[in-house]
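The values are calculated or read from the model by the stated rules, or taken from the named source; none is laboratory data. Note that the structure is a prediction, hence the values are computed from the model and not measured. All Cβ positions, glycine included, derive from the backbone under ideal geometry; neighbour counts span all protein chains shown.
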Amino acid sequence: DRNNHFNFSGGPGALPESVLNATQAAINNVPEVGLSLLGISHRSEWLRNVLDETEDHLRNLLSIPKNYHVLFLQGGSSLQFSMIPMNFLRGSRKIAEYIVSGYWSIKSVPEARKEGQVQVVWDGRDSGYKRLPKAEELVVSSDAAYLHYVSNETVEGLQFSYLPGISNVPLICDMSSDFLSQSIPIERYALIYAHAQKNLGPAGVTVVLIRDDLVDTIPSDLHTMLDYRTHIRGKSIYNTPPVFALYVVMLVTRWLRKDIGGLAAMAEINQAKADTLYKVLDESGGFYQGHAVQENRSLMNVAFRLTDPNLEPLFLKTAVENGFYGLDGHRSIGGLRASLYNAVTQSGVEALAAFMLDFQQRYG
Ligand code: PMP
């Protein structure tokens, strides 16, 4: 919390206090260079070291094997919706499979259709995107180009607790809103992407982890910037990268490794925060209603409503007066949402829980 202001926004999300302070100092002066962070050349040895350190932290935190590339790209996760089918579906006779589980996976499908054949293997539309498929509901082919899914639907607050698909089909995951919130079985993924502005830092950087063997199948006629091989060869500095955002991502990964102690410790903290907030919903006698079914609830995004929607504007206004920011639901579904990204503290969540209990007592 910064002067008792708590950031529960869906993104850009909260960042650790120590990282904000270090960033502030670096904007004045990066001692190793003697310049402001905002004016350092991207061709400096200093930035190379920043990227190398970040990669080292990521490899350590996620146990990323040698046969994966770690890339820092631009264009957000939205550009990955296009780059993935361009690189792995264009010109292929195979079909790309997509799980459609909410707002963000809905957006990824039309981009893929521009490049080749797409099969939606499951769509949560009929359930109002309130639940995820059970493993046995997914009928997938062993010959697909890849299977794409979103591990955590940021808008609806739905989080997968198992890996979909079968092992011989490349599994591609949009991990934008739960990357680095817990450990993952990295070897099962062919490609993982996550933009920075949730658990990692400010917007402007998108981390892509990509398995070596996938790179061999990329067609040769792609635009230079849209070809993953360009960024592998350029070691993520093919063109001018967002130096500021990259520096903050380095600080966050360092914080996660050195201060938090890794992803197992982070996952425990995240579970406790989510338990604290869902308890308030579950014990509210229906005053607060969660969007997602219980077994698919996200630990990162708690999407909910008030049974009386007319009270929601008052809820949001009173929340801000008490220092709780970013609680409005995504513009596509409305309602309310508390995002509990890595840097949101247990004490911040407890303060929010107390506020919500108090609001219920007054208006319930
Ligand atoms: N995927 C997910 C899961 C997201 O939450 C978002 C944005 N919040 C996106 C993709 C789009 O990301 P960007 O704005 O970086 O393009």
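Taking residues in the stretch 266-286 that are at positive phi, and partners anywhere that are not small (Gly, Ala, Ser), the pairs with Cβ atoms closer than 9 Å and at least 6 places apart or on different chains are GLY285/GLN360; GLY286/THR307.
Of all residues in the stretch 161-200, those satisfying the criterion of being within 12 Å of the ligand (Cβ to nearest atom) and assigned to a loop (DSSP other than H, G, I, E, B) are MET175, SER176, SER177, ASP178, PHE179, ALA196, GLN197, LYS198, ASN199, LEU200.
Within the stretch 269-290, none of the residues are charged (D, E, K, R), assigned by TED's automatic domain parsing to the domain that holds THR206, part of a helix (DSSP H, G or I) and farther than 30 Å from ASP213 by Cβ.
Of everything listed in (1) part of a loop (DSSP other than H, G, I, E, B); (2) touching a Gly at 6+ places or on another chain (Cβ under 9 Å); (3) among the hydroxyl-bearing types (Ser, Thr, Tyr), the single unmet condition for TYR149 is (1). Residues in the stretch 337-364 that are touching a strand residue (DSSP E or B) at 6+ places or on another chain (Cβ under 8 Å) and without any contact (Cβ under 8 Å) to a residue 40 or more places away in the chain: 1 in all. Considering every residue within the stretch 234-242, establish whether at least one is outside any loop (DSSP other than H, G, I, E, B), at pLDDT 95 or above and more than 12 Å from the ligand (Cβ to nearest atom). Checked the stretch 234-242: no residue is outside any loop (DSSP other than H, G, I, E, B), at pLDDT 95 or above and more than 12 Å from the ligand (Cβ to nearest atom). Where helices (runs of 4 or more DSSP H) fall entirely within the stretch 38-117, those with at least 3 residues that are away from the ligand (no atom under 16 Å from the Cβ) and within 29 Å of SER161 (Cβ to Cβ) are at 45-62.
Check whether at least one residue in the stretch 209-228 is within 24 Å of LEU15 (Cα to Cα), of a type in the set (A, V, I, L, M, F, W, C) and at pLDDT 95 or above, and report yes or no.
Applying the first criterion (within 24 Å of LEU15 (Cα to Cα)) to the stretch 209-228 yields 209.
This time we only want the ones that are of a type in the set (A, V, I, L, M, F, W, C), so: 209.
Then keep just the ones that are at pLDDT 95 or above; that gives 209.
Looking for residues that are within 24 Å of LEU15 (Cα to Cα), of a type in the set (A, V, I, L, M, F, W, C) and at pLDDT 95 or above, one finds at least one in the stretch 209-228, hence yes.
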